[in-house]
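Asks: I have a structure here, written as structure tokens, and I will follow up with some questions on it.
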């Protein structure tokens, strides 16, 4: 999915609202066009798992505007192979449309979700949602909105200071202290390359932390490398490197040493395997950002399915969601070969791989078009069940 601007979608929604108002005057009901959300999954775009707490959290973006709202659904995964809706009057939890990825802090039982809904087509500020998920608290289900960047989508935690990185489609990265979201440090990804090209950083999507560096993907074929120890120091340039010529870069993950980056180039979609060991943080700092061609740090590429988007790593394997052909590619990270291709729901997107308390490796997959969640047994590479509340 190209993470489009939420403001444009909100503008379209406003036009629909005007139309609905006119129809209502003619005796029509809004519900005729938008179904009740209820316990439905609504274009589920991301999922986080708390295996120790027997919970999973699904972000329903409602990107397709099929329902009258969006939500965060809490699933009881006491039997992880068969997730069910948590029974609670506060579940699902209402949130704004057009949310993105999710980071769940198990210690505080709090979720953080970027949201790109805006009623204004020209403003450059959207939101980061904080959602209380402590079921023992009277505040369970409380959603608090904090100022964010322009059309944020990706979120990753944590840097060496415990901060959260949010990637905004408008060309910035916002860095937050989870204990106080009222302020953030904003990093502009606008650079002038040695070729003279001005790159604005627009269409940046996701990030991952590795040591003291954050790696930010961009759909114009770039990866920005941030030295997170310099974030907040206005005398320094936190962008040490920019990797060029990568294609259509989307999801990114790490096994603690290598980077695995989804390249959705339509003619030849691949998973790129990168070794960033030579790209050490720059200290003392320079105002210059070094340019690196992706081939100099690339170990190999692995062909995947059509329109790939997200990637996660678990126990020596990578899993890539292929939205275009409704599959998940399973890649062995020793041989760098696809060992299985698993058919799931319609337009798979978000992924969460985890090990259950009994030692079973599972993969949860959110399916945008079929409003469902697929459960895959990683040991057998088989679809166990599909949840569509």
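Values quoted throughout were computed directly from the atomic coordinates according to the rules given, and no laboratory measurement underlies them. Computed from a predicted model, the values in this text were never measured in an experiment. Using ideal geometry, Cβ is built from the backbone for each residue, glycine included, and neighbour counts are taken over all protein chains shown.
Asks: Counting every Cα pair in segment 229-344, what percent are over 18 Å apart?
Replies: 54
Asks: Once every DSSP H run of n ≥ 4 in the chain is given -39500 (n - 2.57) and the sum is divided by its residues, what mean residue ellipticity at 222 nm do you get, rounded to the nearest 500 deg cm²/dmol? Working shown, then result.
Replies: Details: 1 runs with 20 residues, N = 389.
Result for the chain, helices only: -2000 deg cm²/dmol.
Asks: Full extension from residue 135 to residue 200: what is 0.36 nm times the residue separation minus their Cα-Cα distance, to one decimal in nm?
Replies: 19.2 nm
Asks: Now for a separate question. Sequence gap at least 6, Cα distance under 8 Å: using those rules, report the relative contact order of the chain to the nearest whole percent.
Replies: 11
Asks: Further question: For segment 77-126, count the residues as N, evaluate 2.2 N^0.38 Å, and divide the Cα radius of gyration by that value, please. List each step's numbers first, then the result.
Replies: Numbers: Rg = 15.0 Å, N = 50, 2.2 N^0.38 = 9.7 Å.
Its radius of gyration relative to the 2.2 N^0.38 Å reference: 1.55.
Asks: Could you work out the relative contact order of segment 287-389, using alpha carbon pairs under 8 angstrom and six or more residues apart, expressed as a whole percent? Working shown, then result.
Replies: Values: 228 pairs, mean separation 17.4, N = 103.
It rounds to 17 percent for segment 287-389.
Asks: Additional query: Between residue 285 and residue 361, what is the FRET efficiency for a Förster distance of 41 Å, r being their Cβ-Cβ separation, to the nearest 0.05? Don't skip to the end; give the middle numbers.
Replies: Working: r = 42 Å, r/R0 = 1.02.
So, using R0 = 41 Å, E works out to roughly 0.45.
Asks: Stretched out fully, how many nm does the piece from residue 277 to residue 193 gain, at 0.36 nm a residue minus the Cα gap?
Replies: Between residue 277 and residue 193, full extension yields 28.0 nm more.
Asks: For residue 334 and residue 89, what is the calculated FRET efficiency with R₀ set at 51 Å and r taken between the beta-carbons, to the nearest 0.05?
Replies: That pair, residue 334 with residue 89, gives E of 0.60.
Asks: Which order do the peptides 260-271, 172-183, 320-331 take when ranked by the mean count of other beta-carbon atoms within 10 Å per residue, highest first?
Replies: In decreasing order of mean packing, 260-271, 172-183, 320-331 become 320-331, 260-271, 172-183.
Asks: Related question: Between residue 186 and residue 380, what is the label-to-label distance in nm when each label sits 7 Å out along the Cα-to-Cβ direction?
Replies: Result: 5.1 nm between the two label points.
Asks: Rounded to two decimals, what ratio of Rg to Rh does segment 233-281 give with C-alpha atoms and a Kirkwood Rh?
Replies: 1.06
Asks: Let me ask something additional. Using 1/(1 + (r/R0)^6) with R0 = 41 angstrom and r between the beta carbons of residue 179 and residue 82, what's the FRET efficiency to the nearest 0.05? Intermediate values should be presented prior to the final figure.
Replies: On the way: r = 36 Å, r/R0 = 0.87.
Efficiency, rounded to the nearest 0.05: 0.70.
Asks: May I pose another question? Using 19 Å as the cut-off for backbone N distance, which residues of segment 180-213 belong to the label zone defined by a point 7 Å from the Cα of residue 299 along Cα→Cβ?
Replies: Correct set: 208-213.
Asks: Using only Cα atoms, what Kirkwood radius does segment 161-210 have, in angstroms?
Replies: 12.0
Asks: Hey, what D do you get for segment 153-303 in µm²/s if you plug the Kirkwood alpha-carbon radius into Stokes-Einstein at 37 °C and 0.692 mPa s?
Replies: It comes out at roughly 214 µm²/s.
Asks: Considering the Cα positions of segment 346-389, please state its Rg to one decimal place and its Dmax as a whole number of Å.
Replies: Cα-based Rg and Dmax for segment 346-389 come out at 10.5, 32 Å.
Asks: In Å and on Cα atoms, what radius of gyration and Dmax does segment 40-142 show?
Replies: 13.7, 46
Asks: For segment 164-189, list residues with backbone N below 14 Å from a point placed 7 Å from the Cα of residue 108 toward its Cβ?
Replies: 164-165, 176-184
Asks: Please give the peptides 69-80, 332-343 ranked by average Cβ packing (other Cβ atoms within 10 Å per residue), highest first, as a rough proxy for protection.
Replies: In descending order of packing, they fall as 69-80, 332-343.
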